[in-house]
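Note sheet for the following structure.
The values are calculated or read from the model by the stated rules, or taken from the named source; none is laboratory data. These figures come from a predicted structure and were not determined experimentally. FYI the Cβ positions are ideal-geometry reconstructions off the backbone, even for glycines, and counts take in every protein chain you see. Each accessible area value is taken on the protein alone, full model and side chains, heavy atoms only, with ligands, DNA and RNA left out. Shrake-Rupley method; radii C 1.70, N 1.55, O 1.52, S 1.80 Å.
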Amino acid sequence: MNTESYKEAFLEEAVENINNLNKALLNFEKNIEDLTPLNELFRAAHTLKGMSATMGYDKLAEFTHMLEDVMDRIRGGTLAPDIDIVNLLFRSIDVMQEFIDNIRNQNVDFAKGYKDIIIQIKAKSSAPAREIKTAAQPRQAVPAASLSGETDPLKTETGIIIEDLILNEAAAQGMKVYRIKVTIARTCAFKSVRAFMVSRNLSEKGEIVKSSPKAKDIEEGNFDNSFELGFVSKAPAQEIEQSISRIAEIEKADIEEVRAQKKEIKENLKHAENGDKEIIAAENEKKPSAISQSVRVNIEKLDSMMNLVGELVIAKIRLDQIARNKTYRDLASTVDEFDRIIDELQIEVTDVRMLPVSHIFDRYPRIVRDLSSQAGKLVEVEITGGDIEIDRTVLEEINEPILHLVRNCIAHGLETPEQRENAGKTKKGVIRLSARRDRNSVIIEVSDDGRGINLEKVRKKAIEKKLMPLDKLDTLTDDELVNLISIPGFSTAEKVDNVSGRGVGVDVVKTKVEAFGGIFRMENYQGEGMKSILKLPLTLAIIQALLVKAAGATYAIPVIHTIETVEFPSKDIKDIQARRVIILRGEVVPVLSLSELIGKGRQKESEIVNMVIIEARDKKIALTVDSVLGQQEIAIKSLGEFLKFAKGFSGVTILGDGSISLIVDIQALIESNLKMV
Amino acid sequence: MERKIVGFKIREDDYAFEIMKVVEIIRLKEITEVPTAPDFIEGVINLRGKIIPIIDLRRRFGMESKEATIMFRIVIVEYAKHQLVGVVVDEVTKVINAKESDMLAAPATVTGAGGRYIQSIVKIEDKIIVLLDIEKIFTEDEQDKLKIIALSEGGKFEESPNS
């Protein structure tokens, strides 16, 4: 690990702690009498302080130290908390966030206005804050005597007990068992990182079979400054000692070999087999609890892994094709086996990249708190399905769109407390964020119980902006009318405010969601609220697609957009108002030609026309193609920066024969041919 | 100071790229068209699993296109640091050692084919070789193109009510 990766670890942990601070403070704000959330606040601030001091970010350390002080005093009852203090604390968290952003982006330990906050807090608490102690001086000084006494394994026999069974087993395999006591420098703020490095170095040489405290506690840094391990290895003690003390900030590693008591090994094993089965089972369960059960992995590494798996999938498809044409003995079964393994690998890798949506959902209560108080509204956030997992890339991409929607709820959807009371509602409005799985997609809904969308206003605006001819406007259903809002530049808010700006939000949301193959739609409940629905693919890298031929080339249509494929007699395609439509099970569905959409002109149609029924802009559309080749898993490759302005395609994929197929972005394609719909 | 440049021909004219920008040279292979891409983009190719956009320099320079011959090559160059782009040329000639003193700044008045994309003019023996600036070839027009697309889209919304 170099300093850069320390910094990364620091930043990541810092962000976590800031999230925790926000959460705890929100809890505290709900009931200021209850001081329990303060413990969490205090803990997070304390961790952050220690971390930043070790990393040499003295200003941040000083700042958090001051916060810690305030919290300590509230906890201790010498400072009475009120709304001003809570607000100050919220602002302080923002300043910390700014510190972190600046450290990340510019590598400077500074945040605007942090001194200001310090002054305000000092004034508020009207007592001089303590001077910050140097870097990572221990909070409680430990007497030197007890320190040395504690770490001398020869004098104390209270170390972890290593069962005879392990000793015997190790002996049988010619391995030695050690009891290792690792002492980490007291000045170390990354105890868990050091402990992880110890466990990593050790696992190169053998197996950790026991630990005290428990592995989880060590992993989380919940130990004083030393921990003990039971370690089985072939390596001599000296070598193990070296491998540990190589690690920085390790004060010492005391290693003691543990020998089996003089009993016959066989007898012991027998004894174990007979009597202590339960104990053995329990031991075996404990056994894999080596220090680290999880590892932080750089996102880029995951991305490149995903890319490689994508390529592997392509190679697999090619191999499948070759195997189908050749009849070597055992080839088919080997290829099948290969298929299964790659499928599993793909699932595993995809899974590693998954994050629960709470990762972004949890940020909203804090944001809503600030925005709603600015807007003079009372709002509560309800979250369901926070544990639903989705690819981290998708998650990152939808954060902003969801934020837009939440802002809209506050600015436009929800009424002021008086308006709500007049309408017979509770004073407090509710914003609901929910996530659920629906086969290969995740559905995220953002809804509020506000006034809903005023359809009359939408209509007026549509006329004013000349979005479509009047007669067409009249034919729109309420649902279609609502979704007009997502047309670029459309906004129903009469005044421009700093909560939701100019109402450009919804079309940005729609564009963004559609850009990675999702679907966006709104539902309106006049007077009772509205709901935005985002249907998102689970992952962006590998998807199911329908391969079709059009204008002589092969195109891939993501299955998420398709409903079915049909063969339709060309004589049954009707012309209504210069538009081609079919009647599909009683429903009028407009017909578009894929070839025409991509600017290749309409191909001559045979008697039976192949059509893919797709869902685009919330409507069904029958897309005519030359032929449907079938459904297949495809790995998406980007068209690259250079072709990003080629409209209508979201990427490319490489087919089994090495040829390239463009992935059709139905929404964009239709949008750029708006007049045809 | 000598600089190595990779010479190639389009029609009868000699052009070159700086060797440091050239990643590899391959024979012409199947190019997949991207229907909605700008004209001068011929399509994309699959180069060992990488998707690489292909530029047709003839079209770029406003020349008529020509039936591909066996001499046609795709020169894969690096553009904007990490992106690879392929350029279709009539023929790759050879790697030339150009002396710094042989390289002349592009005269401001050059308006001929590819005039806008000249990095410098290289005089070797009695030949004139135009050293092309890769960044200019791709960036400038990409932006032009972007503007055009943006304009036409804006226009669509305005005109749609009457259509």
Inset, instruction - With a 1.4 Å probe and every protein chain left in place, tell me how much accessible area residue B:15 has, in Å² to the nearest 10. - result: 10 Å²
Inset, instruction - Amide H neighbours of residue A:210 under 5 Å, at least 5 residues apart or on other chains, H built in the peptide plane: list them. - result: A:230
Legend entry - Counted charge near residue A:404, where neighbours are those whose Cβ lies closer than 11 Å (Asp, Glu -1; Lys, Arg +1): +1
Legend entry - Heavy-atom SASA rank of A:407, A:369, A:91, A:324 (probe 1.4 Å, accessible area, largest first): A:324, A:91, A:407, A:369
Inset, instruction - With a/c under 1.5 counting as rounded, go ahead and sort the stretch A:530-570 into rounded, prolate or oblate using the C-alpha gyration tensor (a ≥ b ≥ c being the square roots of the eigenvalues; past the cut-off, prolate if a/b is larger than b/c, else oblate). - result: oblate
Inset, instruction - Find the centroid of the Cα atoms in the stretch A:409-443 and in the stretch A:551-610, then give the distance between the two in whole Å. - result: 39 Å
Inset, instruction - Take A:508, A:406 and sort them by solvent-accessible surface of the protein heavy atoms, 1.4 Å probe, largest at the top. - result: A:508, A:406
Legend entry - Average beta-carbon neighbours from other chains, 10 Å sphere, peptide A:646-658: 3
Inset, instruction - Treat every Asp and Glu Cβ in the stretch A:45-88 as -1 and every Lys and Arg Cβ as +1, leave all other atoms uncharged, and give the resulting dipole magnitude about the Cα centre to the nearest 20 debye. - result: 120 debye
Legend entry - the stretch A:356-537 shape via C-alpha gyration tensor axes, a/c threshold 1.5: oblate
Legend entry - Accessible-area ranking of A:122, A:214, largest first, probe 1.4 Å: A:214, A:122
Legend entry - Residues with amide H under 5 Å from that of residue A:442, placed H, sequence gap 5 or more: A:536, A:538
Legend entry - Interface area, A with B, accessible, probe 1.4 Å, both sides summed, Å² nearest 100: 2700 Å²
Inset, instruction - Determine the shape class of the stretch A:3-125: with a ≥ b ≥ c the square roots of the Cα gyration tensor eigenvalues, call it rounded for a/c under 1.5, and otherwise prolate if a/b is greater than b/c, oblate otherwise. - result: prolate
Inset, instruction - Among the listed pairs A:191/A:214; A:425/A:619; A:510/A:647; B:29/B:50; A:7/A:234, give every one whose C-alpha distance is greater than 24 Å. - result: A:425/A:619; A:7/A:234
